[in-house]
Amino acid sequence: DIKRVVSYRHWCNKLWNAIKFAMMHLPEGFRPQQPEQLAQQMDSWPLAARWILSRLSDAVETVNKAMEAYDFSSATQRVYAWWQYELCDVFIELMKPVMARDEATDPDAAAAKDATRQALCVSLETGLRLLHPFMPFVTEDLWQRLPKTPKQASIPSIMIATYPIPVAGWAQPDLDRRYEEAQAVVSTIRKLRSDYGLTKQRSAVYIACSSSSLARTLKQLSADIACLGTCSEVVLLEGDAAAPAGCSVAIVNEAITLHMLLKVSCKQHT
């Protein structure tokens, strides 16, 4: 289908914007670390930074298996899905509040920013090498613009760079599952916002959850859910607590009910 080819051509703009965003947030003199070193540091990283490397590990493994089986359709779909739906749609959006943190008042801001930059840089560099067989020219140009480790800097072209393989310590299936659960909530929030025509308003969201383990996950990721769902806040209702009046209701799954505040009463406002 020629229209699909044209859409992928337009998608090249997405790649350029991702690289442009990275260069805006990587300070002069920034030097990425070796992937193997990052695996030893990930336990102290923000969850989103750990998650994107876990998803990258999954994409690398899937693409390699598909290429070995000559299943090029599955390979291209997986690498596209990682770039579009995991890196650009999720991780880069979750980066923005991290990079906006004030280091003067937040003692953890500098470490969180550095970890996030490392995750972004290695994701882009590895992602471009993963994509290179399918989009050789644009990936070459963009790869040349990225900061590199001393080992990578000695390689003159992405064409002769080693093709990515999974890095030990990057895969975190439990974290993948937690983010999958959070993204189900985000999808429901976005559907409610679309149904009610909310474009600029940031509504509060209240979540009732019948599973204690799932509730802990959603509470842990509440800031990420609020960011991706364009919410003013995400509150987990505890026990028999009820959501405020004026909420719309949506069922996420058998364990999660979502309430989005649409109207604030005078009594609540005061």
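In the set (1) more than 14 Å from the chain's Cα centre (by Cα); (2) closer than 22 Å to Pro166 by Cα; (3) open to solvent by 40 Å² or more (accessible area, probe 1.4 Å), the condition left unmet by Tyr85 is number (1).
Within region 164-222, if we keep just the residues that are closer than 20 Å to Met42 by Cβ and of a type in the set (Gly, Ala, Ser), the residue that is most open to solvent (accessible area, probe 1.4 Å) turns out to be Ala168. In summary, helices (runs of 4 or more DSSP H) completely within region 26-122 and bearing 1 or more residues that are more than 26 Å from Lys14 (Cβ to Cβ) occur at 35-41, 47-68. With the structure loaded, tell me whether Met42 is without any contact (Cβ under 8 Å) to a residue 12 or more places away in the chain, hydrophobic (A, V, I, L, M, F, W, C) and under 18 Å from Leu124 (Cβ atoms) or whether it fails that test. The answer is no for Met42. For region 35-77, filtered to residues that are under 25 Å from Ala115 (Cβ atoms) and open to solvent by 70 Å² or more (accessible area, probe 1.4 Å), the residue that is modelled with the highest pLDDT is Glu61.
Scanning region 202-230 for residues that are out of contact with any His (no Cβ under 8 Å at 6 or more places or on another chain), of a type in the set (A, V, I, L, M, F, W, C) and over 14 Å from Leu94 (Cα atoms) yields Ala204, Cys209, Leu214, Ala215, Leu218.
Every residue, every condition in (1) in contact with a helix residue (DSSP H, G or I) (Cβ under 8 Å, 6 or more places away or on another chain); (2) under 30 Å from Arg55 (Cα atoms), yes or no:
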| residue | (1), (2) |
| --- | --- |
| Ala184 | no, yes |
| Ile189 | yes, yes |
| Ala223 | yes, yes |
| Cys231 | yes, yes |
| Leu236 | yes, yes |
| Ala245 | yes, no |
| Ala255 | yes, yes |
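Being surrounded by 15 or more Cβ atoms within 10 Å (Cβ to Cβ) and either free of Cβ contacts under 8 Å to residues at least 40 places away in the same chain or β-branched (Val, Ile, Thr) (or both): is that true of Lys113 here?
Against the criterion (surrounded by 15 or more Cβ atoms within 10 Å (Cβ to Cβ) and either free of Cβ contacts under 8 Å to residues at least 40 places away in the same chain or β-branched (Val, Ile, Thr) (or both)), Lys113 qualifies.
For region 123-163, the candidate set comprises residues that are assigned to a helix (DSSP H, G or I) and among the polar types (S, T, N, Q); within that set, the residue that is most open to solvent (accessible area, probe 1.4 Å) is Gln144.
The values are calculated or read from the model by the stated rules, or taken from the named source; none is laboratory data. These numbers come from a predicted model, not from an experiment. Cβ: placed from backbone, ideal geometry, glycine included. Neighbour counts: every protein chain shown. All accessible areas refer to the heavy atoms of the entire protein, side chains included, with ligands and DNA or RNA removed. Shrake-Rupley method; radii C 1.70, N 1.55, O 1.52, S 1.80 Å.
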